[in-house]
1. Looking at 209, 273, 254, 263, which is the one that is on the phi < 0 side of the Ramachandran plot, of a type in the set (Asp, Glu) and open to solvent by less than 30 Å² (accessible area, probe 1.4 Å)?
2. Any residue at all in region 113-134 that is of a type in the set (Asp, Glu) and touching a Cys at 6+ places or on another chain (Cβ under 9 Å)?
3. For region 212-225, which residues satisfy the criterion of being open to solvent by 80 Å² or more (accessible area, probe 1.4 Å) and out of contact with any Asp or Glu (no Cβ under 9 Å at 6 or more places or on another chain)?
4. Sort through 20, 53, 27 and tell me the only one that's surrounded by 22 or more Cβ atoms within 10 Å (Cβ to Cβ) and not in a strand (DSSP E or B).
5. Could you grab me the full set of residues in region 286-335 that are in a loop (DSSP other than H, G, I, E, B), polar (S, T, N, Q) and open to solvent by 10 Å² or more (accessible area, probe 1.4 Å)?
6. Being open to solvent by less than 70 Å² (accessible area, probe 1.4 Å), over 13 Å from residue 205 (Cβ atoms) and out of contact with any Leu (no Cβ under 9 Å at 6 or more places or on another chain) is the filter here; which residues of region 176-190 pass it?
7. Among the residues that make up region 93-103, is at least one of them touching a residue at least 24 places away in the same chain (Cβ under 8 Å), buried (at least 21 other Cβ atoms within 10 Å of the Cβ) and of a type in the set (Asp, Glu)?
8. Within region 149-175, which residues are crowded, with 20+ Cβ neighbours inside 10 Å and among the polar types (S, T, N, Q)?
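The values are calculated or read from the model by the stated rules, or taken from the named source; none is laboratory data. Source: prediction; values computed, not measured. Cβ: placed from backbone, ideal geometry, glycine included. Neighbour counts: every protein chain shown. Surface accessibility is based on the protein's heavy atoms, side chains included, excluding ligands, DNA and RNA. Shrake-Rupley method; radii C 1.70, N 1.55, O 1.52, S 1.80 Å.
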Amino acid sequence: MTSADAHHQTPHVTFGIIADVQYADCDDGTDYSFTRQRFYRNSLNLLQNAINDWKRSADPVAFVLQLGDLIDGKNRIDGEAGSKKALLTALQPLESLHIPLCHVLGNHDLYNLDRSFYLSSPLNSSLLLNNVSSDQFYYTFLPHPKLRVVAIDTYEVSLLGYKDTPDDENFKTAQTWFHDNNKNQDVNDVTGLNGLDRRWAAYNGGISEKQLNWLSDILMKAQAKEENVIIITHVALQCLYKEYAVCLTWNYQEIMDVIHQYECVIGVFAGHEHAGWDHVDDHGVQHITFQGVIETRPGSNAYATARLWDSSLTITGVGRVPSFTIPLRYCTSGAATARLARNARQIKNMQIAEACSVDLITDPK
């Protein structure tokens, strides 16, 4: 909370954030590289810790952002019935909050069940928000006049989730993109790929031109209305470590080119990379990949609570998740908006004066 926000002691909106629960009723194991431990049953305990905290919050939690991979791929060992049972088990604690749950699909969700199943499941949050049938998993909503949440589906163009619809155009596009960029027989093998090309693995995915156009339209309207925007996704849209780009959206650059056209975007929140990382890009957009519950040891935690104030969005991390303060582009009150605009003009004038200082001194005119 900034000094300007100190005058407004009650947040305008409070919401929870959690990523990569990956629940499965099985013994602990490791990731695919056998280097990081995963705690499958205990992930449910850590999810419950987050829910208990949100229930006790002095300022009521209005909704929760669940950033994908609610269940782990290991559940498919028991077939479709095992996957559905695990999904119900993981959803029950979340649904006990009795508030909107805003989900995005992750690769492990799609290892278990096809997209066609999820269309009519609670993980299709567009049904809850739009109150109409939907054949898409991207959506947007406005929890406050100055805050918009935009959920994108980074597995719309994917090798995952289309077993029962192999003629889907997005699946065909995924096959073309993928085989143009990764020639390995194992679709999760990135051997021979370097740097950002290592994103071409089947556990990542991309978005269609249709979704890209939808995103651009949403952001254009949000900017016209001076709404601050946070984008939620399972797969990150930036990569801090260019030589380790194994968790990056296939067509991330196209998406970021759209995002950078609009000043309204203040943050991109992702899951997928369980170690987590954060980065502010050269357009001032705060990218946060939240630490995964599945690789959080018993006794610790991995979740966050976000609060919207007059001039900032604060994220209070618990356990492995750090805390952040993200400045708003557009303040939530008239006085704060005027103050921010005045400060921005002062900073801009200072920058202009500094950039032109040599010319101002040497120009005889």
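1. Of 209, 273, 254, 263, the one residue that is on the phi < 0 side of the Ramachandran plot, of a type in the set (Asp, Glu) and open to solvent by less than 30 Å² (accessible area, probe 1.4 Å) is 273.
2. Scanning region 113-134, I find no residue that is of a type in the set (Asp, Glu) and touching a Cys at 6+ places or on another chain (Cβ under 9 Å), so the answer is no.
3. Scanning region 212-225 gives 213, 220, 224, 225.
4. Unique residue meeting the criteria: 20.
5. Those that are in a loop (DSSP other than H, G, I, E, B), polar (S, T, N, Q) and open to solvent by 10 Å² or more (accessible area, probe 1.4 Å): 291, 300, 301, 311, 323, 332, 333.
6. 189, 190
7. No, the conditions are met nowhere in region 93-103.
8. Matches in region 149-175: 154, 158, 170.
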